[in-house]
Amino acid sequence: MRPEIDHGALFAATPSPYLVLAPDLVIVDVNDAYLRATGRTREDLLGQHVFDAFPDNPDDPGADGVKNLGASLRRVLATGEADTMAVQKYDIPVVAQPGVFEERWWSPVNTPVKNADGQVAWIIHRVEDVTAFMRSRRFRGRSEGRRMTEREEGMEAELYVRARELQRLNEELRAAHAREREVAVTLQEAMLHSPDLARHSDVAVRYLPAIGSLNVCGDWYDTVDLAEGRFTVAVGDVVGHGLEAATVMGMLRSALSAASRAVAGPAGALEVLGMYARSVEGALAATAVSVLVDTRSHLLVYSSAGHPPPVLLHADGTCELMDRATDPPLGARPEHVPRPQAGMPYRPGDTLVLYTDGLIERRDEDIDTGLERLTTALGDLADREPDQLADTLLARLGVASGASDDIALVVVRI
């Protein structure tokens with residue numbers, strides 16, 4: 001048997017300086033190496049806001065350590081991903097001399113630690129003190145009675161300026177990506193409005209953009225009312241991201257809505273959509289599934305174009321996957337081939353669940369594992385109202401605040 005590892009002792013003994021921050025940026029732990037590097041005690045730091053403990057040097061008009069570190073920490077909280085910073089000049093207070101700061105240079109990396117729900121619970125702030133290196137370059141040769149040559153000083157200054165410029169450009173790029181993402185999400189949400197959906201109080205829909213990624217705005221849902229107690233429910237997923245994906249999504253969604261009104265059955269509507277997708281740049285390999293709900297005969301008729309199977313949740317908690325009419329994604333075949341279609345009876349009080357792959361897929365995991373997790377999570381939710389069921393399901397699957405991919409979810413009480 002392997003001996004039990006004392007992770008607390010390992011953290012304390014780690015030679016690299018580490019600081020652990022809560023999401024509100026209050027210091028909750030620190031290792032011995034960090035205390036040695038900063039000349040502080042554990043009592044000095046624990047419970048302090050990081051920028052109260054380490055403010056900018058008031059005597060340095062160019063000090064931007066708080067600004068740069070703050071931006072990095074906010075990125076970690078927003079994206080759930082590690083952030084490596086450029087070398088920073090971040091002077092620290094001298095404990096024995098109030099108001100006096102000591103010049104320091106650091107190479108920081110900020111890494112998130114997530115809880116069981118996938119939320120950032122702590123941030124590990126690791127730094128390497130590179131002050132000696134920076135000073136040795138600046139004052140190299142003094143021990144031999146010479147200063148750096150003008151050329152050497154110029155090269156060092158140029159390297160430093162380039163590093164700072166690269167950091168500025170990276171920040172501008174992140175800001176541009178954030179603006180594009182905001183525009184794309186706004187457009188996506190506007191295009192997801194469905195007049196027919198508003199007439200169904202027994203239908204709940206959710207759209208969650210991907211977290212910290214431009215991989216947004218390819219997922220969609222729609223409801224189309226037909227005659228004589230029938231309506232269709234559909235979800236789809238466009239390959240791509242940002243404004244381009246949102247635009248393609250809107251085109252495909254509108255085309256399927258029109259086809260569902262003009263063509264008999266989900267398979268026929270998806271055939272029309274597949275032919276249309278071949279003429280739309282960026283639409284190939286998109287997936288979609290359409291389900292016709294016939295309230296007169298209590299029958300579900302469905303067809304899928306490469307999309308994960310909908311789930312029929314019965315009132316007794318059992319689940320059936322609607323996976324008997326699956327075909328390749330839109331435009332995948334070079335020639336037109338009729339798409340399959342299947343039917344499944346339902347009982348009043350059953351629940352139909354449609355979704356996109358972001359709900360169930362996880363990296364390095366078979367899709368069957370995700371489907372089993374989904375049906376298990378649904379098992380005791382049959383008596384919940386659609387809105388409550390949707391929110392509870394997202395929470396149980398750990399994606400209530402979003403995931404690495406878009407998520408569209410539709411819950412229909414039938």
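A compact table of results
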{"read-out": "Förster-model FRET efficiency, 35 Å R0, residue 13 and residue 84, C-beta, rounded to 0.05", "value": "0.90"}
{"read-out": "Mean residue ellipticity (222 nm) of the chain, computed from DSSP H runs ≥ 4 via -39,500 (n - 2.57), nearest 500", "value": "-11000 deg cm²/dmol"}
{"read-out": "Radius 14 Å from Cβ of residue 192, net charge of other residues (Lys, Arg +1; Asp, Glu -1)", "value": "-4"}
{"read-out": "Solvent exposure ordering (accessible area, 1.4 Å, most first) of 313, 243", "value": "243, 313"}
{"read-out": "For a label point 7 Å along the Cα-to-beta-carbon line of residue 333, residues of the stretch 228-266 with backbone N under 16 Å", "value": "266"}
{"read-out": "Heavy-atom SASA rank of 172, 244, 4, 103 (probe 1.4 Å, accessible area, largest first)", "value": "4, 244, 172, 103"}
{"read-out": "Accessible surface, the stretch 184-287, averaged per residue in Å² (probe 1.4 Å)", "value": "39"}
{"read-out": "Charged-residue dipole, Cβ positions (Lys, Arg, Asp, Glu), the chain about Cα centre, Debye nearest 20", "value": "740"}
{"read-out": "Segment residue 258-residue 178, length gained on full extension (0.36 nm per residue, minus Cα span)", "value": "25.5 nm"}
{"read-out": "Accessible surface of the chain, 1.4 Å probe, proportion on carbon and sulfur as whole %", "value": "54"}
{"read-out": "Spacing of the two label points (7 Å from each Cα toward its C-beta) at residue 24 and residue 116, in nm", "value": "2.4"}
{"read-out": "Leading residue at positive end of dipole, the chain (Cβ point charges), from 288, 10, 377", "value": "10"}
{"read-out": "Kyte-Doolittle mean at least -1.0, axial Cα span of 18 Å or more - DSSP H helices of the chain", "value": "65-79, 150-191, 242-262"}
{"read-out": "Chain lengthening between residue 67 and residue 130 when straightened (0.36 nm per residue, less Cα-Cα)", "value": "20.7 nm"}
{"read-out": "FRET E, pair residue 6, residue 198, Förster distance 51 Å, beta-carbon r, rounded to 0.05", "value": "0.30"}
{"read-out": "Rel. contact order, % - alpha carbon contacts under 8 angstrom, at least six apart, the chain", "value": "12"}
{"read-out": "In Å², nearest 10: area of residue 200 left accessible to a 1.4 Å probe", "value": "30"}
{"read-out": "Gain on full stretching of the segment that runs from residue 383 to residue 36 - 0.36 nm per residue minus C-alpha separation", "value": "119.1 nm"}
{"read-out": "Accessible-area order (highest first, 1.4 angstrom probe) of the listed residues 74, 396", "value": "74, 396"}
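The values are calculated or read from the model by the stated rules, or taken from the named source; none is laboratory data. What you see is a predicted model, and the numbers here were worked out from it, not measured in a lab. Here Cβ is always computed from backbone atoms with ideal geometry, including for glycine, and neighbour counts include all displayed protein chains. To get the accessible areas, we keep the full protein, side chains included, count just its heavy atoms, and leave off ligands, DNA and RNA. Shrake-Rupley method; radii C 1.70, N 1.55, O 1.52, S 1.80 Å.
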